[in-house]
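Below is one structure, written out as structure tokens; the observations come after it.
Since every read-out is calculated from the coordinates, none of them should be taken as a lab result. The structure presented is a predicted model; accordingly, all values stated were derived computationally and were not measured. Every residue, glycine among them, receives a Cβ derived from its backbone with ideal geometry; neighbour counts consider all protein chains shown.
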Amino acid sequence: MKFALIIPDGCADEPQPKLGGLTPLQAAHVPHMDAIAAAGIVGQADHVPASMPSGSDVGTMSLFGYDPIKYHTGRAPLEAAAQGIELGADDWAIRCNLVTVEEERMRSFTAGQIPNGLGASLIQAMQAACCGDEHWKFHAGVSYRNLLLYRARDGKAPFADDTYTVPPHDITDQLIAEHLPMGSGSCDLRALMDKSRAIFADHPENQARAAAGQLAATQIWLWGQGRRPALQPFAEKFGPRGAVITAVDLLRGIGRLIGWDVLEVAGATGYLDTDYKAKGQRAIEAISGDLDFIVVHVEATDEASHEGEAEEKVKALEQIDQHIVGPLHAHLKTLGDYRILVCPDHPTFLRTKTHSHGYVPFTICGKDITPDNLPTYDEPTAAKGNIRFDAGCDLMGHFVRNG
């Protein structure tokens, strides 16, 4: 049996006035997602427990079948795993965004999608200026997504479970003073964030970017701290041997921690300009071999919500449907028994430009899936379905084992 999961990140949303009172899923032309719904079942799942902050780290862990209340330790350790960074039992990883703050408000949590080269240069400047202590280490990632590590001293670190930080994508256009780190170790984090302002202001390439009328990085933003999680391999827990296609380090990290292959795709950017067709073709190639389970994650829908762009969110959904869901589903049918699942990790509301709690719609069809006669894949239709997972982590077991 072959399995496929497509994740349109953050696609679940509310009715939009700009879309005639429809959600982006309702407004989008997604005949291939609707075909899965018509041939199978449509339901709801809640991947983010109310006691936890909403984000792809929590939501994706649940979607992959792991209870985040039990296994989640923070976002940054997952991204460290994606970069092949080994954490000791008492080490901490912290996510380090390059951001643009203007008049003490979060203008851009991506520093205008800062180029990789400039991002890496700024991180190198931070390491040189701020980390003479061997226990601190900055690691450059992709664009604005970077890491800060703390290697524990004699089993001790400045952070604890009460260390509180806020994702910068949750505070777009808001005053940052109300969202600075709090709790154990927060003074260290705040000090590094403050130091970064002068370092970035004096950086020649960053100055040139601003002079060209583009958004420049004004500082770092530290958040998502945590220690190394311990996750049972997916093949041991569920059976199928899997792989994930994604442009986002977070998903790469979870994939590696559960024993999946991580398949790279040229042109996969983690943004609206990602190469949807290349992702779809790579998924077809991968599932055609010995692989049992392929996951295709697309960040574009989430990015559109963070930017408040309803039309772009609709376009991204249509691209996912045309270039990934349709071709992959058609190919699965030629391979024998299969099941296919479409489900986001969490809602991301255009209205708030941030992740939210709540149910997301899913649809499944394939072997031993009895159709429930719901014709479309969208939020209102899913609410009419007969199946709902209050603990979203139970959806994976239903998909792989039970049908």
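Which order do the peptides 61-68, 75-82, 233-240 come out in when sorted by mean C-beta neighbours inside 10 angstrom, highest first? The partial results should precede the final answer.
Working: 61-68: 24.2, 75-82: 27.1, 233-240: 15.8.
Those peptides, ordered most packed to least, come out 75-82, 61-68, 233-240.
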Treating the angle as unsigned and between 0 and 90°, give the value, to the nearest 10°, between the Cα long axis of helix 186-201 and the longest Cα principal axis of the chain. 80
At 1.306 mPa s and 10 °C, plugging the Kirkwood radius over alpha-carbon pairs of the range 202-328 into Stokes-Einstein gives what diffusion coefficient in µm²/s? 94
What is the angle, in °, between the Cα long axis of helix 310-320 and the longest principal axis of the Cα atoms in the chain? Nearest 10 is fine, range 0 to 90. 60
In Å and from the alpha-carbon atoms only, list the Rg and Dmax of the range 1-131. 19.6, 59
Rounded, prolate or oblate: which fits the range 92-226 when a ≥ b ≥ c are the square roots of the eigenvalues of the alpha-carbon gyration tensor, with rounded for a/c under 1.5 and prolate only if a/b beats b/c? oblate
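Can you give me the relative contact order of the range 123-172 as a percent, contacts being Cα pairs under 8 Å and 6 or more apart? Could the numbers behind the result be given before it?
Working: 36 pairs, mean separation 12.0, N = 50.
Taking the mean separation of contacting Cα pairs over the length of the range 123-172, I get 24 percent.
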For the chain, what proportion of DSSP beta bridges, expressed in % and rounded to the nearest 5, is antiparallel? 60
What FRET efficiency comes out for the pair Asp154/Ala230, r = Cβ-Cβ distance, R0 = 22 Å, nearest 0.05? 0.50
So how far, in whole Å, is the C-alpha centre of the range 293-351 from the one of the range 61-100? 24
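With the Cα gyration tensor of the range 1-61 giving a ≥ b ≥ c as the square roots of its eigenvalues, does the rule (a/c under 1.5 for rounded; else a/b larger than b/c for prolate; else oblate) give rounded, prolate or oblate? Could you put the intermediate results ahead of the total?
Numbers: a/c = 2.25, a/b = 1.09, b/c = 2.07.
Verdict is oblate for the range 1-61.
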Given H placed on each backbone N at 1.01 Å, which residues far from Leu22 in sequence or on other chains put an amide H within less than 5 Å of it? Gln16
For the pair Asn386 and Lys195, how long in nm is the line joining their label points, each one 7 Å along Cα→Cβ? 6.2
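Could you pull out the trypsin sites (Lys or Arg not before Pro) across the range 78-153 that fall in loop regions by DSSP (anything but H, G, I, E, B) with no more than 15 other Cβ atoms inside 10 Å? Don't skip to the end; give the middle numbers.
On the way: sites: Arg95, Arg105, Arg107, Lys137, Arg145, Arg151, Arg153; in loops: Arg151.
When the trypsin sites (Lys or Arg not before Pro) of the range 78-153 are filtered for loop state and at most 15 Cβ neighbours within 10 Å, Arg151 remain.
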Residue-by-residue Karplus 3J(HN,Hα) for the range 23-37, coefficients 6.51, -1.76, 1.60, Hz, glycine and proline x: 6, x, 5, 5, 6, 6, 8, 10, x, 6, 5, 5, 5, 5, 4
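About its Cα centre, what dipole magnitude does the chain give when the only charges are +1 on Lys and Arg Cβ and -1 on Asp and Glu Cβ, stated in debye to the nearest 20? Can you show the working numbers first?
Numbers: 35 positive and 52 negative charges, 104 e Å.
Using Cβ point charges on Lys, Arg, Asp and Glu, the chain gives about 500 debye.
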For the chain, set up a Gaussian network in which alpha carbons nearer than 10 Å are linked by springs, and say which option among Glu285, Glu312, Glu379 fluctuates the most. Glu285
Provide the per-residue ³J(HN,Hα) series for the range 71-86, in order, calculated from phi with Karplus coefficients 6.51, -1.76, 1.60 and θ = phi - 60°, each as a whole number of Hz, with x at glycine and proline positions. 10, 6, 10, x, 7, 4, x, 5, 6, 4, 4, 4, 8, x, 8, 7
Connecting every pair of Cα atoms under 10 Å apart in the chain and solving the GNM, the largest mean-square fluctuation among Thr352, Thr246, Thr334 falls on Thr334
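Whole number please: convex hull volume per residue of the Cα set in the chain, in Å³? Don't skip to the end; give the middle numbers.
Details: hull volume 51.8 nm³, N = 403.
Roughly 129 Å³ of hull volume per residue.
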Using helices alone, what [θ] at 222 nm do you get for the chain, with -39,500 (n - 2.57) per DSSP H run of 4 or more residues, divided over all residues and rounded to the nearest 500? -9000 deg cm²/dmol
Residue by residue through the range 98-104, what is 3J(HN,Hα) from phi via Karplus (6.51 cos²θ - 1.76 cosθ + 1.60, θ = phi - 60°)? Round to whole Hz and write x for glycine and proline. 8, 10, 10, 10, 10, 6, 6
For the range 266-403, the spread of Cα positions along each principal axis, largest first, Å: 41, 38, 25
